1. Just to be sure before I move on: is Gly149 within 12 Å of the ligand (Cβ to nearest atom), in contact with a helix residue (DSSP H, G or I) (Cβ under 6 Å, 6 or more places away or on another chain) and over 27 Å from Asn92 (Cα atoms) in the structure I sent?
2. Inside the stretch 162-212, can you point out the residues that are modelled with pLDDT of 95 or more, outside any helix (DSSP H, G or I) and more than 25 Å from Gly362 (Cβ to Cβ)?
3. Pull up the stretch 116-144, narrow it to residues that are more than 13 Å from the ligand (Cβ to nearest atom) and not aliphatic (A, V, I, L, M), then point me to the one that is farthest from the chain's Cα centre (by Cα).
4. Restricting attention to the stretch 281-309, and to residues there that are in a helix (DSSP H, G or I) and more than 12 Å from the ligand (Cβ to nearest atom), which single residue is surrounded by the most Cβ atoms within 10 Å (Cβ to Cβ)?
5. Could you list, in sequence order, all residues of the stretch 404-439 that are part of a loop (DSSP other than H, G, I, E, B) and over 16 Å from Ala355 (Cβ atoms)?
6. Being aromatic (Phe, Trp, Tyr) and away from the ligand (no atom under 16 Å from the Cβ) is true for just one of Phe278, Phe244. Which residue is that?
7. When the stretch 402-431 is examined, which residues are found to be crowded, with 17+ Cβ neighbours inside 10 Å and among the acidic types (Asp, Glu)?
8. Does any residue in the stretch 334-348 that is at negative phi come within less than 7 Å, Cβ to Cβ, of a residue that is part of a helix (DSSP H, G or I) six or more places away or on a different chain, and which pairs are these?
Amino acid sequence: MTTFYNESLSNQDVKQLDRKGVFHSWSAQGSLDPLVIKSGSGCRLWDYEGREYLDFSSQLVNTNIGHQHPKVLAGIKAQLDELATVAPSHANYARGLAAEKILARVPAGFDKVFFTNGGADANENAIRMARAITGREKVLSAYRSYHGGTGSAIVATGDFRRVPNEYARGHVHFFNPYLYRSDFWAQNEEEEGARALQHLRRIIESEGAESIAAILLETVPGTAGILVPPKGYLDGVRALADEFGIVLIFDEVMAGFGRTGKWLAMDHFGVTPDLITFAKGINSGYVPAGGVIVSERISRHFDENMFFGGLTYSGHPLAMAAICATLDAMEEEDIVGNAERIGANVLAPGLKQIAERYDIVGEVRGLGVFQAIELVEDRESRQPLNAKAMGQLKASMVECGLLPFVVANRIHVVPPCMVTAQEAEQGLSIISDALGSLK
Ligand code: PLP
C-alpha cells in the first residue's frame with residue numbers, strides 16, 4: 001500500500017521529491033515557497049521537522065473553515081464509504097443537496113448551480129453561458145483582477161501578457177477603482193467610483209454594446225490587492241449592464257463563502273449579478289470544486305443546444321459531500337460571523353496600529369478576514385517597496401512561524417475564517433516585528 005507519511009523524511013528530502021511535480025512553471029526550479037507542509041489543524045500547519053506555522057495565507061485563500069475540520073472530514077468519509085466515483089450524467093443525491101445549500105445562501109432570483117472543478121473553469125463556463133445567451137462575443141474585465149489559469153480565464157485576468165494572442169480575441173480590459181493608485185486622479189471614494197463608471201461607459205460605447213456579452217468582475221478583487229470597491233460602484237456597473245443588455249458576472253471565487261464576514265462579498269453592497277462564480281471557500285479546498293450560480297433571468301434561456309462544461313468530474317460526490325459538510329459546519333459554528341468580528345475588532349484595528357508605527361505601510365484595506373497592507377518606500381512617494389525588502393519580510397515572518405500570502409508589494413492578511421482573536425493577535429505581532437526588523 002502507498003503511504004504518504006514517513007517519519008524519517010526531512011524537509012529537504014520532500015522538496016527534492018516534489019521537484020518532479022509542477023505547480024507553477026517556476027516551481028520546477030524550486031523557488032516557489034520555502035515551506036514543506038506535513039500536517040495541519042485549524043489555523044496551524046507543521047512541517048516535516050516539527051516546526052509550527054500560523055497559516056495567514058489560508059493556502060492561496062481557500063481554507064476558510066481551517067485545516068482538518070472534523071465535520072468536513074466526516075462528511076467526505078461518509079460519502080467515500082458509500083460511493084467515491086460516479087459519472088456526472090447520473091443523478092447524484094449529494095449534488096442536489098449541495099446545490100440546495102448554496103442556493104439557500106444567495107439572494108432570491110437564483111435557481112441553478114452548475115458545478116465545475118475549480119474557479120478558472122467556473123469563469124470559463126460563465127463566459128460561455130453569457131456568449132450563448134446574448135449571441136455576442138466580447139467580454140469586459142478589469143485590469144486589476146485574477147480569474148484563473150485557463151484559456152479565457154487567464155485572458156480575462158488583467159495581466160495577460162504571457163498568453164498567446166489568439167486566446168485574447170473578444171477580451172477587452174477596463175480600469176477598476178483603486179483610489180490609492182487612482183487611474184483617474186480622483187481625490188476621494190465618490191469621485192473614484194464615479195470616474196471609473198464613466199470610463200466603463202466609454203469603453204462599452206466605443207466597443208459597441210451590441211457586441212458585448214459580459215462584464216466579468218471580482219466583487220472585491222483579491223490577488224490584485226483586496227480592493228474594496230467604492231460605494232455605488234457595483235450598483236453603477238449593474239445599471240450599465242442593464243442599460244446595454246450585458247450579462248453581469250461576479251467572480252466570488254476568492255472573496256465568497258465567508259471570507260469577507262458575509263456569505264458572499266456582494267452582500268456588503270446589495271448588488272446582484274446574473275451569474276456568480278465560486279470555488280475555493282465553498283468547501284475550503286478539501287476536494288476540488290467550483291461552479292456557477294445561475295439566475296432565473298439567465299437559466300430560462302438555457303436550451304439543449306447550449307453546451308456548457310461537460311466535465312467528467314463536475315459534481316463529484318466527494319466534492320459535493322465536502323460542500324455540504326463545510327456549509328453546515330460554518331453555519332453551526334457561526335464561522336462567517338467570526339470572520340466579520342475578527343476582521344472588524346482585531347485585524348483591521350491591529351493593522352491600522354501597525355501602519356501608525358511604520359512609515360512603509362502605505363495603506364490598510366479589506367473586509368472580514370480578507371485584509372491587506374500595501375508597502376511603500378515611503379508614504380510621500382508611494383513607490384512600491386522593493387522586491388528585496390519584500391523577500392526579507394517574507395523570510396522573517398516564516399522564520400517566526402507565520403505563513404503569509406505575499407503578492408508584489410502587499411502582505412495579504414487572510415487567515416482561515418475560524419481564526420481566534422488570540423491567533424489573529426499573534427499573527428499581527430509577527431507581522432509588526434518583521435516590519436520592525438527590516439534594515
Ligand atoms: N477567480 C479568482 C478571483 C481567484 O482568486 C482564483 C484563484 O486564485 C480563480 C478565479 C481561479 O481559481 P482556481 O485556481 O480554482 O482555478
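1. Values: within 12 Å of the ligand (Cβ to nearest atom): yes; in contact with a helix residue (DSSP H, G or I) (Cβ under 6 Å, 6 or more places away or on another chain): yes; over 27 Å from Asn92 (Cα atoms): yes.
Judged against the criteria, Gly149 is a match.
2. Result: Gly208, Ile212.
3. Step one: list which residues in the stretch 116-144 are more than 13 Å from the ligand (Cβ to nearest atom), which gives 128-140, 143.
Narrowing the set further to residues that are not aliphatic (A, V, I, L, M) leaves 128, 131, 134-138, 143.
Values: Arg128: 21, Arg131: 24, Thr134: 27, Gly135: 29, Arg136: 28, Glu137: 26, Lys138: 24, Tyr143: 16 Å.
Checking each candidate, the answer is Gly135.
4. Filtering the stretch 281-309 for residues that are in a helix (DSSP H, G or I) and more than 12 Å from the ligand (Cβ to nearest atom), the one surrounded by the most Cβ atoms within 10 Å (Cβ to Cβ) comes out as Ile298.
5. Looking only at the stretch 404-439, we keep the residues that are part of a loop (DSSP other than H, G, I, E, B), and these are 404, 408-409, 414-420, 438-439.
Pro404, Ala408, Val414, Pro415, Pro416, Cys417, Met418, Val419, Thr420, Lys439, listed by residue number.
6. None of the other options fit; the residue is Phe244.
7. Residue satisfying the conditions is Glu423 alone.
8. Every condition considered, the pairs that remain are Val336/Met330; Ile342/Ala421; Ile342/Ala424; Val346/Ala421; Val346/Ala424; Val346/Glu425; Leu347/Ala424.
The values are calculated or read from the model by the stated rules, or taken from the named source; none is laboratory data. Here the structure is a predicted model, which is why all the values come from computation and not from measurement. Neighbour counts run over all protein chains shown; Cβ positions are idealised from the backbone, glycine included.
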